[in-house]
Amino acid sequence: MEDSPMIHLERVTKIYPGTEAPAVEELTLDVQRGEILVLVGPSGCGKSTTLRLINRMIEPSGGSILFEGEDVTNVNPDRLRRRIGYVIQQIGLFPHNTIAENIATVPKMLGWDKKRVSARVDELLDVMGLEPSEYRNRYPKELSGGQAQRVGVARALGADPDVMLMDEPFGAIDPITRDRLQNEFLRLQAVLGKTIVFVTHDIDEAIKMGDRIAILGERSAVRQIDTPERILALPADDFVDDFIGTGSTLKGLHFERVSGLDLKPYPTMTLDEPFEAGLATLRADGREWLLLLDGERRPARWLRASDLKRGGAGRDLLTRGQNVRSRVEENATLHDTLEEMLKSSTGQACVVDGKGRFVGAVEINHLTDVIRKLRQEAQAHYDSLEGSS
Amino acid sequence: MDGLTNWFSYVIDHGGDIAEASLQHAKLVLVVIAVATVFSLVVGIVVQRHPMASSIALSAAGIFLTIPSLAMFAIFIPILGIGNPPAMLALFLYAILPILRNTVTGLTEVDPAVVESAKGMGMGPGRQLLQVKLPLAWPVIMAGVRVSSLMIVGVAAIAVLVGGDGLGTFIQGGLTRLGLPGSVESVWVGTIFTVVLGLLLDTVFAFTQRLTTSPGLRN
């Protein structure tokens with residue numbers, strides 16, 4: 001079953017006893033091998049319920065759950081759960097067990113021998129950046145929130161499951177630590193390539209963590225499922241648009257980099273050139289600002305025609321015009337670049353190479369072009385989907 | 001001062017009897033506490049998940065505790081006769097409440113996130129109970145055991161009225177011979193050694209509690 005999805009939910013329904021409306025109604029969803037699928041939606045939409053249906057912490061009332069084509073709707077739920085890593089917001093480390101014992105929980109249940117278990121524990125602590133000799137025998141109460149969260153993830157990875165379910169795993173952590181843990185986790189995932197279903201109510205976290213995002217409405221109905229880029233470029237309906245909130249275009253710029261821009265030649269002059277040369281370049285180009293480069297071709301000053309007209313050679317111009325405050329490298333995201341442009345007195349950001357030498361300048365029309373292109377691509381994608389179905 | 005000297009000479013003269021009675025007393029208490037602990041654990045585990053069953057069990061145990069001890073001991077004589085059996089049964093019924101209440105409380109207070117993660121990792125109900133819930137509730141349960149044992153040590157002194165062994169014999173013996181030589185000393189021997197035994201057992205239990213509680217749960 002090479003091309004079957006890692007997890008397939010087929011018309012899964014959950015109706016709690018005593019309630020009329022289903023919490024989850026006929027949800028059909030595929031999770032591809034090796035991807036992070038983020039379930040995001042307003043509170044009460046049933047995203048956590050959906051996640052917990054996958055490892056049958058909540059038993060579905062109808063429909064079926066398939067793992068790599070195998071129907072697991074009726075297998076022993078404990079056996080199923082040992083194959084799935086599970087991380088919850090409150091972490092739930094066992095306070096009476098050491099860190100090593102916590103991480104060893106599932107491997108021990110699976111009957112691994114002692115040597116293999118302890119090697120695995122040390123390996124995971126190492127991966128999480130926790131020195132094994134120092135942390136192995138500690139108890140959860142001796143950990144900070146961030147460390148406890150790392151141990152929680154390590155414990156979920158204990159028996160090297162193919163699938164991980166994560167329910168707002170970074171929800172209870174301060175913003176700075178959360179950001180660091182998210183980055184660490186993404187780096188780790190790049191190596192591990194687990195199939196991950198990740199629940200959050202925070203659209204920004206979803207955009208950051210997800211290879212794909214499923215935006216869920218009431219009763220866990222999928223309102224849009226796609227890459228973050230396409231969802232941001234073209235929200236499927238008003239619900240999705242509302243949920244993404246203001247600034248979706250801005251957020252979309254996180255996914256584009258300076259290197260992808262088609263930078264047109266920008267008027268420059270060097271220190272050795274006379275001001276007349278600069279003036280001529282600027283007139284020929286028609287732009288407002290000319291960039292003065294130093295001997296190493298690094299951006300030095302922004303100059304207007306009026307600055308040049310006061311005469312002198314390049315060197316005399318070093319005190320005129322505006323300081324160059326905004327420099328970005330080619331791997332910078334357009335989001336960061338826009339930030340730099342707003343800081344700049346000329347509304348442009350200088351693109352420099354690793355040694356600080358001038359490569360080009362990003363102007364506002366570059367960004368509007370990119371945004372238009374993203375929207376067209378998303379539209380074309382959806383058109384082709386409609387055409388094929 | 002005379003009283004104290006007399007008391008000490010009484011203790012020295014009856015050293016063997018006192019030691020024997022103390023030992024019997026301790027045995028009575030330990031057997032009762034052991035049985036009551038096992039019983040309360042089992043009942044506590046069974047009723048804990050059902051609030052209704054919990055309150056019924058706790059009320060029943062509470063009723064036992066309010067029955068006057070004199071009556072409680074006497075009630076079982078027609079069924080069990082005279083001697084240690086009725087005494088032990090009565091003491092057992094008294095001992096239940098603190099242990100049962102703490103078992104229910106301890107199990108109920110286990111952090112739901114910990115149970116959720118245990119279940120999520122594939123622990124069945126048995127594993128969850130033995131590897132997670134009981135170890136976490138254990139310090140609370142042991143606190144109940146200590147309260148019970150202190151209480152039972154005192155009440156067991158009355159067991160002598162239904163023919164039970166223990167330090168109560170010195171108290172009852174002294175009271176029946178009140179006014180005769182050595183009677184007051186005998187009452188004091190029964191009282192003081194009961195208190196000492198209570199404190200000693202509590203120390204032993206405190207030590208056991210510490211030894212059997214994970215360092216991760218200690219403050």
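Go through the stretch A:70-90 and give me each residue that's more than 7 Å from chain B (Cβ to nearest Cβ), part of a loop (DSSP other than H, G, I, E, B) and touching a residue at least 40 places away in the same chain (Cβ under 8 Å).
Residues satisfying the conditions are A:ARG83, A:GLN89.
May I ask you to list the residues in the stretch A:131-148 that are more than 9 Å from every other protein chain (Cβ to nearest Cβ) and of a type in the set (Phe, Trp, Tyr)?
A:TYR135
Limited to the stretch A:11-37, what total is found for residues that are farther than 14 Å from A:SER220 by Cβ and either touching a Gly at 6+ places or on another chain (Cβ under 7 Å) or in contact (Cβ under 8 Å) with a residue 12 or more places away in the chain (or both)?
Qualifying residue count, the stretch A:11-37: 7.
When you look at B:ARG127, is it part of a helix (DSSP H, G or I), among the basic types (Lys, Arg) and within 13 Å of chain A (Cβ to nearest Cβ), yes or no?
Details: part of a helix (DSSP H, G or I): yes; among the basic types (Lys, Arg): yes; within 13 Å of chain A (Cβ to nearest Cβ): yes.
When the stated conditions are applied, B:ARG127 passes them.
In the set B:VAL132, B:VAL153, B:VAL184, which member is under 24 Å from the mean Cα position of the chain (by Cα) and hydrophobic (A, V, I, L, M, F, W, C)? It would help to see each step written out before you state the result.
Working: B:VAL132 fails: under 24 Å from the mean Cα position of the chain (by Cα); B:VAL184 fails: under 24 Å from the mean Cα position of the chain (by Cα).
Being under 24 Å from the mean Cα position of the chain (by Cα) and hydrophobic (A, V, I, L, M, F, W, C) holds for just one of B:VAL132, B:VAL153, B:VAL184, which is B:VAL153.
Residue-wise test of (1) of a type in the set (A, V, I, L, M); (2) modelled with pLDDT under 95.
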{"residue": "B:MET121", "(1), (2)": "yes, no"}
{"residue": "B:ALA159", "(1), (2)": "yes, yes"}
{"residue": "B:VAL187", "(1), (2)": "yes, yes"}
{"residue": "B:THR212", "(1), (2)": "no, yes"}
{"residue": "B:GLY216", "(1), (2)": "no, yes"}
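Does the stretch A:208-228 include one or more residues that are modelled with pLDDT of 90 or more and of a type in the set (Asp, Glu)?
Yes; the residues of the stretch A:208-228 include at least one that is modelled with pLDDT of 90 or more and of a type in the set (Asp, Glu).
Between residues in the stretch A:149-163 that are closer than 17 Å to A:PHE67 by Cα and residues that are in a loop (DSSP other than H, G, I, E, B) and among the polar types (S, T, N, Q), which pairs lie under 8 Å by C-beta distance while being six or more apart or on different chains?
Close Cβ pairs satisfying both conditions: none exist.
Of the residues that make up the stretch A:117-130, is at least one within 11 Å of another protein chain (Cβ to nearest Cβ) and either crowded, with 21+ Cβ neighbours inside 10 Å or within 23 Å of the chain's Cα centre (by Cα) (or both)? Steps first, please.
Just the residues of the stretch A:117-130 that are within 11 Å of another protein chain (Cβ to nearest Cβ), to begin with: none.
For the stretch A:117-130, residues within 11 Å of another protein chain (Cβ to nearest Cβ) and either crowded, with 21+ Cβ neighbours inside 10 Å or within 23 Å of the chain's Cα centre (by Cα) (or both): absent.
Working only within the stretch A:359-384, note down all residues that are within 24 Å of the chain's Cα centre (by Cα) and among the hydroxyl-bearing types (Ser, Thr, Tyr).
A:THR368, A:TYR382
Go through the residues of the stretch B:141-155 one by one and say whether even a single one is at pLDDT 95 or above and within 14 Å of chain A (Cβ to nearest Cβ).
yes
Determine whether B:VAL47 is surrounded by 14 or more Cβ atoms within 10 Å (Cβ to Cβ), in a helix (DSSP H, G or I) and touching a Leu at 6+ places or on another chain (Cβ under 7 Å).
Details: surrounded by 14 or more Cβ atoms within 10 Å (Cβ to Cβ): yes; in a helix (DSSP H, G or I): yes; touching a Leu at 6+ places or on another chain (Cβ under 7 Å): no.
No.
Just name the residue that is farthest from A:VAL258 (Cα to Cα) out of those in the stretch A:343-356 that are touching a residue at least 40 places away in the same chain (Cβ under 8 Å) and loosely packed, with under 14 Cβ neighbours inside 10 Å.
A:SER345
Could you grab me the full set of residues in the stretch A:144-187 that are over 13 Å from the mean Cα position of the chain (by Cα), surrounded by fewer than 18 Cβ atoms within 10 Å (Cβ to Cβ) and of a type in the set (A, V, I, L, M)?
A:ALA172, A:ILE176
Among the candidates A:LEU93, A:LEU27, single out the residue that is in contact with a helix residue (DSSP H, G or I) (Cβ under 8 Å, 6 or more places away or on another chain), more than 14 Å from every other protein chain (Cβ to nearest Cβ) and either at pLDDT 90 or above or surrounded by 23 or more Cβ atoms within 10 Å (Cβ to Cβ) (or both). Spell out how you get there, then give the answer.
Details: A:LEU93 fails: more than 14 Å from every other protein chain (Cβ to nearest Cβ).
None of the others qualify; the one that does is A:LEU27.
Pick out the one residue from B:THR208, B:THR203 that is part of a helix (DSSP H, G or I), touching a helix residue (DSSP H, G or I) at 6+ places or on another chain (Cβ under 9 Å) and more than 14 Å from chain A (Cβ to nearest Cβ). Explain how you work it out, then say what you get.
Details: B:THR203 fails: touching a helix residue (DSSP H, G or I) at 6+ places or on another chain (Cβ under 9 Å).
Sole residue among the options that is part of a helix (DSSP H, G or I), touching a helix residue (DSSP H, G or I) at 6+ places or on another chain (Cβ under 9 Å) and more than 14 Å from chain A (Cβ to nearest Cβ): B:THR208.
Looking only at residues in the stretch B:89-106 that are surrounded by fewer than 23 Cβ atoms within 10 Å (Cβ to Cβ) and closer than 26 Å to A:PRO140 by Cβ, which one is farthest from the other protein chains (Cβ to nearest Cβ)?
Only one residue tops the list, namely B:THR105.
Going through A:THR19, A:THR105, A:THR13, A:THR98 one at a time, which residue ends up being within 14 Å of another protein chain (Cβ to nearest Cβ), surrounded by fewer than 22 Cβ atoms within 10 Å (Cβ to Cβ) and among the hydroxyl-bearing types (Ser, Thr, Tyr)? Lay out the reasoning, then the answer.
Numbers: A:THR19 fails: within 14 Å of another protein chain (Cβ to nearest Cβ); A:THR105 fails: surrounded by fewer than 22 Cβ atoms within 10 Å (Cβ to Cβ); A:THR13 fails: within 14 Å of another protein chain (Cβ to nearest Cβ).
Sole residue among the options that is within 14 Å of another protein chain (Cβ to nearest Cβ), surrounded by fewer than 22 Cβ atoms within 10 Å (Cβ to Cβ) and among the hydroxyl-bearing types (Ser, Thr, Tyr): A:THR98.
For the stretch B:107-122, name all the residues that are among the aliphatic types (A, V, I, L, M), in contact with a helix residue (DSSP H, G or I) (Cβ under 9 Å, 6 or more places away or on another chain) and within 7 Å of chain A (Cβ to nearest Cβ). Don't jump to the end; show me each part of the working.
First, pick out the residues of the stretch B:107-122 that are among the aliphatic types (A, V, I, L, M): B:107, B:110, B:113-115, B:118, B:121.
Still in the running and in contact with a helix residue (DSSP H, G or I) (Cβ under 9 Å, 6 or more places away or on another chain): B:107, B:110, B:114-115, B:118, B:121.
Those that are among the aliphatic types (A, V, I, L, M), in contact with a helix residue (DSSP H, G or I) (Cβ under 9 Å, 6 or more places away or on another chain) and within 7 Å of chain A (Cβ to nearest Cβ): B:VAL114, B:MET121.
Go through the stretch B:1-16 and count every residue that is in contact (Cβ under 8 Å) with a residue 12 or more places away in the chain and part of a helix (DSSP H, G or I).
Result for the stretch B:1-16: 5.
Could you tell me which residue of the stretch A:50-65 is farthest from the other protein chains (Cβ to nearest Cβ), considering only residues that are in contact with a strand residue (DSSP E or B) (Cβ under 6 Å, 6 or more places away or on another chain) and more than 23 Å from A:VAL40 (Cβ to Cβ)?
Among those residues, the one meeting the criterion is A:GLY62.
The values are calculated or read from the model by the stated rules, or taken from the named source; none is laboratory data. On a predicted model such as this, the values are computed, not experimentally measured, just so you know. Using ideal geometry, Cβ is built from the backbone for each residue, glycine included, and neighbour counts are taken over all protein chains shown.
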